[in-house]
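Inspection log for the structure reproduced underneath, given as structure tokens.
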Ligand SMILES: [Zn+2]
């Protein structure tokens, strides 16, 4: 969904409103936002979007004994989108959706998005990264503009400061590129949450006037962690979204295992790059194209796929990629290059693999680095 991911990033604010709440995830910090005393609950419930039973954590307020989609331990809340214009949109943080308080499709979507956000939170936590913010998950039913027959927000997902937004899916399910609820795809949810992470850690919050390489890196980190966290682990982004998908169409937003073979019905003619040389040639030939981030991201995300293909576990790779965020030079991160990414990854790999006790860990590090050679990043 190149177009939508572009629009997503273009609107992201550079201001981290969550910064003042980042210090802890304790109950008292949460209570500052949530003036209710709650009982944490969980249950197994059927979800129509995932077509399976999900185990969902949520809570009940002792004030009104209503169920709310909020988990104090993770500080995640599902909120309603209160304004149809995405450019002035704000999640209404006083209007938390009640668990059973809305129409069936929307309540199913909210439960599904909550479940996926909890899964992402736990994956990051289990691999050494504490999200450290009050995370708002907004389910967005609005369609505010139409471009090329697009359903706009309903077909989009994006992350902004402390909130991830997920559209309810195409109004017209018959068109070839119709999508279902964006928050139903585990990898899309992780992708958007990772935008909040790279914003928080490196200030990568919008495309703006930043270089094509830095913008591509921002997309790549979101895609890489999305696949490492995804139990499907098919190295395709959004492959569960398209209503008309089939074994022969193989629709997805990006095919990381084989970027050139991406079959994205939203932008069928896109040339997703596999090597740095392909990307620089594309940028030089199309300096004003607005798809640099999307088509360049696959250079780095494909390197991550190659590392997976070498037999390294998702957990090991996730720890290294997440640790690499702390290895960039903060003063130059605003225009980080693919080469900077390689250096940060190297430092992170030495640290993470060095802690395993494997006496041959440096050999493992150099094996991993071969993936950067394969995509032409030196
Ligand atoms: Zn993105």
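Any idea what the relative contact order of the stretch 298-372 is, in percent, if you count C-alpha pairs under 8 Å spaced at least 6 apart?
Reported relative contact order: 35 percent.
Give me the mean projected area, in nm² to one decimal, of the convex hull enclosing the Cα positions of the stretch 156-225.
Mean projected area for the stretch 156-225: 5.4 nm², to one decimal.
Just to be sure I understand the model, the point goes 7 Å from the Cα along the line to the Cβ. What's the resulting residue 234 to residue 125 distance in nm?
The modelled label-to-label distance comes out at 2.9 nm.
Report the full-extension gain for the segment residue 362 to residue 331: residue separation times 0.36 nm, less the Cα-Cα distance, to one decimal in nm.
In short, 8.3 nm is gained.
Report the Stokes-Einstein translational diffusion coefficient (µm² s⁻¹, integer) for the stretch 311-365, Rh taken as the Kirkwood radius over Cα pairs, at 25 °C with viscosity 0.890 mPa s.
My calculation gives 211 µm²/s for D.
Nearest-5 percent of antiparallel DSSP beta bridges in the stretch 109-259?
About 60 percent, rounded to the nearest 5.
What's the exposure ranking of 254, 232, 214, going from fewest to most Cβ atoms within 10 Å?
232, 214, 254
Can you sort 137, 188 so the residue with the fewest Cβ neighbours within 10 Å comes first?
Fewest-to-most ranking of 137, 188: 137, 188.
Would you list 199, 230, 223, 122 from fewest to most Cβ contacts within 10 Å?
122, 199, 230, 223
Residue 105 to residue 270: FRET efficiency via 1/(1 + (r/R0)^6), r the Cβ-Cβ distance, R0 35 Å, to the nearest 0.05?
It comes to 0.70.
Contact order normalised by length for the stretch 247-350, with contacts defined as Cα pairs under 8 Å and 6 or more residues apart; what percent is it?
Reported relative contact order: 20 percent.
The numbers here are math on the coordinates, done by the rules we state, and not lab data. What you see is a predicted model; the values in this text were computed from it and never measured. Because the Cβ atoms are built from the backbone with ideal geometry, glycine has one as well, and the counts that use them run over all protein chains shown.
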